[in-house]
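Take a look at the structure set out below.
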Amino acid sequence: MSFTVAIVGRPNVGKSTLFNRLVGKKLALVDDTPGVTRDRRPGDAKLVDLKFRIIDTAGLEQSAPDSLQGRMWAQTEQAIDEADLSLFVIDAKAGLTPADETLAEMLRRRGKPVIVVANKSEARGSDGGFYDAFTLGLGEPCPISAEHGQGMLDLRDAIVTALGEERAFPPREDVAETDVDIRPTGAGGGEDEESEPTYDETKPLRVAIVGRPNAGKSTLINRFLGEDRLLTGPEAGITRDSISVEWEWRGRTIKMFDTAGMRRKAKVQEKLEKLSVADALRAIRFAETVVIIFDATIPFEKQDLQIVDLVMREGRAAVLAFNKWDLVEDWQAVLADLREKTERLLPQARGIRAVPISGHTGYGLDRLMQAIIETDKVWNRRISTARLNRWLESQQVQHPPPAVSGRRLKLKYMTQVKARPPGFMISCTRPEAVPESYVRYLINGLRNDFDMPGVPIRVHFRASDNPFESKARKRR
């Protein structure tokens, strides 16, 4: 992106609505409740012919530095320092407030370009607030309506004027002809279709961090990044938006999503918490590997088990992380107890990787990342059809399919139809009659014989086509 823009202002002036308008998606949570946004959320914005990076921030609230509001404002200040330009959003309908004047003075001292954005200018009686914005001394305000998309062309012109055309439109780098591969797909490859593809360890990896409130999700990500990127504290439920951050681990790009804590459904009553949980579910579906954070001091609560079951049903690769390991006294006894409970309480995730960690001290983070990579390899694994059919034949020799209604089932053919997660199709007689116990037997055999622990495995049965069926119908 050519430049970075921060959206700042007091609470409930429409910053997140403007953010969603510029990125073209409803990424940030929007509600009438003031103070919905807490962490700074980055995104890729497009405004007519401008492309830039934009940061949504928390609203200014005067409070002590060590309070939650004070820590939220510290995050906003970091966004202002990081940005090349600030969009100072005011509520034209409500007019200026002392908080607006305080923020304007702070922005003026920073010495960076600022555009005053008079939002909600479509409302009746907003003219007074628009003209009051001239008194801030930050130049001519730009009237817009983030909700309805009005004034976006004026905002684009204001950004170009504030930064200059050279900064707003950087020269494009021409791609050399030698860098373009014009060979047709598959030309010169000579690869065997039955060969099992190798795992691409350079591809960026999407990881979601989920768990109950106050389990230490944001603290863990901050430890990975080596900075206070996400808002943390002793209060439960600080994180609301699902925030994505990028960093590198051993040369590989990792895109990690911090999510809101997920409580039992019966306890989620407020609209804002429902929105936060829905955002966390979207992050799970978007991710490839999901790390479920357990509090090692109170592990295996009912909600923990439900979160693991949800991740497995969504088909994601899952890793368990027992956080707050620095608070555990008898490591060996607790570790043995956690292993026993993992085997007993999570039969649907047999062999799932579990790592004791401490987001506060950094203990076990390398082992956690290694477990994430290994689980993602299994999640992407493909097995050749020849190996699968040899395996299926041996499984039927060891444990033949049962006879249902006096007729024995016949499993004829097996192939892998998809990966991410691994999915298999078995051609057989009477697929609707295959008992669930035999399906579990086959899934457990796949886990053990092909080394596929801890990932969801799908096995589907299909009746084989009868080439003489149409002829038999004609005789009738």
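Since every read-out is calculated from the coordinates, none of them should be taken as a lab result. Only a predicted model underlies this, so the values are computations on that prediction, with no experimental measurement involved. A quick note on method: Cβ atoms are made from the backbone with ideal geometry, for glycine too, and the neighbour counts reach across all protein chains shown.
Computed quantities for the displayed model
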item: Over 18 Å (Cα to Cα) - which of 26/265; 377/418; 15/120; 203/255 fall in this group; result: 26/265
item: Reference-scaled alpha-carbon Rg (2.2 N^0.38 Å with N residues) for region 385-469; result: 1.08
item: Helix 436-449 vs. the chain, principal-axis angle (Cα, 0 to 90°, nearest 10); result: 80
item: Unit charges on C-beta of K, R, D, E only; dipole of region 205-379, Debye; result: 640
item: Cβ charges +1 (Lys, Arg) and -1 (Asp, Glu), total dipole of the chain, debye; result: 3080
item: Dipole in debye (nearest 20) - region 332-382, about Cα centre, beta carbon charges: Lys, Arg +1; Asp, Glu -1; result: 260
item: Cα long-axis angle, helix 331-345 against the chain (0 to 90 degrees, to the nearest 10); result: 70
item: Calculated from backbone phi, Karplus (6.51, -1.76, 1.60) coupling profile of region 75-86 in Hz, x at Gly/Pro; result: 5, 5, 4, 5, 5, 5, 5, 6, 7, 8, 8, 10
item: Extended-chain gain in nm, criterion 0.36 nm per residue less alpha-carbon gap, residue 74 and residue 201; result: 42.1 nm
item: DSSP-defined beta bridges in the chain - what % are antiparallel, rounded to 5; result: 35
item: Relative frequency of Cα-Cα separations exceeding 37 Å in the chain, percent; result: 44
item: Charge-dipole axis of the chain as Lys and Arg at +1 and Asp and Glu at -1 on Cβ define it, positive-most pick from 16, 404, 347; result: 404
item: Spacing of the two label points (7 Å from each Cα toward its C-beta) at residue 101 and residue 306, in nm; result: 5.0
item: Equivalent ellipsoid semi-axes - Cα gyration tensor, region 4-168, angstrom; result: 21, 18, 17
item: Alpha carbon centroid spacing (whole Å) that separates region 69-142 from region 1-58; result: 14
item: Relative contact order computed over region 247-380 (Cα-Cα under 8 Å; 6+ residues apart), in percent; result: 22
item: Computed Kirkwood radius, in angstrom, where 1/r is averaged over Cα pairs of region 202-333; result: 15.2
item: Theoretical gain in end-to-end length, residue 331 to residue 458 [0.36 nm per residue, Cα-Cα removed]; result: 42.1 nm
item: Using a Förster distance of 56 Å, the FRET efficiency for residue 298-residue 140 (Cβ separation, nearest 0.05); result: 0.50
item: Residue order, fewest to most beta carbons within 10 Å, for 86, 437, 121; result: 437, 121, 86
item: Beta bridges by DSSP in region 385-469, antiparallel share as percent, to the nearest 5; result: 55
item: Listed peptides 441-449, 308-316 by packing density, highest first (mean Cβ within 10 Å); result: 308-316, 441-449
item: Segment residue 124-residue 396, extension gain: residue separation times 0.36 nm, minus the distance between their alpha carbons; result: 90.3 nm
item: Separation of the residue 255 and residue 81 label points, Cα + 7 Å toward Cβ, nm; result: 2.8
item: Efficiency of FRET between residue 413 and residue 439 - r from beta-carbon atoms, R0 22 angstrom, step 0.05; result: 0.85
item: Rounded tilt (10° steps) of 152-163 against the dominant C-alpha axis of the chain; result: 70
